[in-house]
Amino acid sequence: MSFDFEPSRAPVSSISLAGMTDVVLLLLVFFLLTSSFVPQLGIEVTLPQVDASAPVEQQYITVSVTEDGSYFVDGTPASEGQLTQQIRDARRTETTTVVLRADEGATIRQFATVASAAQALNLRVLMATERR
């Protein structure tokens, strides 16, 4: 009995890249889709910068205060007198937090207005900031 260890075929000199192209395309689509889910709020405020920040709950109500003193509850314009009612209307059943996105130029009086409206509804207030 004799064994023939000589290759009868020529070695493969080209590699198909179709599989790798499919994987790269799927990764690209994945990253494009997940990056579009980052929440982008349409109200322009310059958040104060701090060294550390607290984590935010998943369910919250966003109250924005612009530099000129305008209030927005979840993106909807709100008057100072109707702020408590609009926060109550925006409240979901498990919501316990109001996230205040106040511009650096906003005043303490405007913060106190939002805090008192949240206190009237027994909600916590967290201040949104940006890390340095």
Identify, by number, the condition in (1) assigned to a helix (DSSP H, G or I); (2) under 20 Å from D68 (Cα atoms); (3) among the basic types (K, R) that R101 doesn't meet. (1)
Criterion: buried (at least 18 other Cβ atoms within 10 Å of the Cβ), modelled with pLDDT of 85 or more, over 15 Å from D74 (Cα atoms) and among the small types (G, A, S) - qualifying residue of A102, A106: A106
M1 - would you say it is modelled with pLDDT under 90, part of a loop (DSSP other than H, G, I, E, B) and aliphatic (A, V, I, L, M)? yes
Restricting the search to the stretch 60-88, which residues are touching a residue at least 12 places away in the same chain (Cβ under 8 Å), assigned to a helix (DSSP H, G or I) and surrounded by fewer than 17 Cβ atoms within 10 Å (Cβ to Cβ)? R88
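Among the candidates T66, T34, which residue alone is under 30 Å from V125 (Cα atoms) and modelled with pLDDT under 80? Don't jump to the end; show me each part of the working.
Numbers: T66 fails: modelled with pLDDT under 80.
Residue meeting the stated conditions: T34.
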At pLDDT 70 or above and either surrounded by 10 or more Cβ atoms within 10 Å (Cβ to Cβ) or more than 24 Å from the chain's Cα centre (by Cα) (or both) - does that describe any residue in the stretch 40-53? no
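The values are calculated or read from the model by the stated rules, or taken from the named source; none is laboratory data. Computed from a prediction, not measured in an experiment: that's the story for all the values here. Note that we place each Cβ from the backbone using ideal geometry, even for glycine, and neighbour counts take in every protein chain shown.
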